[in-house]
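Heads up, the thing below is written out as structure tokens.
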Amino acid sequence: MSSRLGWFVLGVVGTLVALFVGGYLFIRSGGVSMETTAPMLPLEATVAKMALRASIGDAADLKNPLPLNDANMLAGARDFKEHCAFCHGLPGQPRPDAAAGMFPPPPQFFEHKGMVTRDPEGVTHWKVTHGIRLSGMPGFEKTLSDTERWQITMMVAHADKLSPAVQAALRP
């Protein structure tokens with residue numbers, strides 16, 4: 001009985017070593033292309049979404065502490081234009097050149113699809129604060145105040161119903 005257990009353990013260890021060595025050699029030989037134009041690896045989107053959801057945790061439950069008003073929306077629009085529009089675009093404008101070369105492509109919040117797939121405010125605030133590793137999305141925790149990050153979050157959350165003043169602030 002113990003010799004069977006020994007062979008079983010040896011088999012498990014051997015399989016794990018073979019998987020590790022095989023994975024290492026696959027990556028080392030260029031099997032995982034880091035080009036933004038390369039096709040997606042099998043399960044890449046699934047693994048990335050799973051890891052992002054685990055990192056975000058219960059951020060969706062966070063509520064914006066700021067009142068929804070034009071002052072906060074205007075401040076969010078100004079900061080969005082300065083820090084975010086380079087990748088995420090502006091209303092009525094073509095997709096920025098930077099966005100065309102990014103993988104995954106950054107959401108365009110002012111396009112209909114971007115408005116439909118918007119995250120809860122707590123998730124947007126988490127992403128603005130912490131960024132998303134290997135996506136091009138920087139974290140702004142050290143460069144923008146919490147209030148500024150919530151103002152950007154508010155403006156993005158209401159991108160489909162901006163007042164004329166906020167729309168004017170977002171013009172190029």
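The values are calculated or read from the model by the stated rules, or taken from the named source; none is laboratory data. In this text, all values refer to a predicted model and were calculated from it rather than measured experimentally. FYI the Cβ positions are ideal-geometry reconstructions off the backbone, even for glycines, and counts take in every protein chain you see.
Quick notes on this one:
- The set of residues in segment 64-85 being touching a residue at least 24 places away in the same chain (Cβ under 8 Å) and exposed (fewer than 11 other Cβ atoms within 10 Å of the Cβ) consists of Pro65, Leu68.
- Entry remark, segment 124-147: residues being over 10 Å from the mean Cα position of the chain (by Cα) and either of a type in the set (A, V, I, L, M) or more than 27 Å from Gly101 (Cβ to Cβ) (or both) number 4 in total.
- Unmet criterion (only one of (1) closer than 20 Å to Ile132 by Cα; (2) basic (Lys, Arg); (3) modelled with pLDDT of 95 or more) for Arg53: (3)
- Filter result for the condition that a residue is loosely packed, with under 10 Cβ neighbours inside 10 Å and either not assigned by TED's automatic domain parsing to the domain that holds Thr129 or not basic (Lys, Arg) (or both), over Met34, Met40, Met50: Met34
- One residue stands out among those in segment 129-172 that are touching a residue at least 40 places away in the same chain (Cβ under 8 Å) and of a type in the set (D, E, K, R): the one that is farthest from His112 (Cα to Cα), which is Glu148.
- Contact map, segment 95-108: residues that are under 16 Å from Thr37 (Cβ atoms) paired with residues that are loosely packed, with under 14 Cβ neighbours inside 10 Å and aliphatic (A, V, I, L, M), Cβ distance under 9 Å, separation 6+ or inter-chain. Pairs shown: Phe103/Ala38; Phe103/Met40; Pro104/Met40; Pro104/Ala45.
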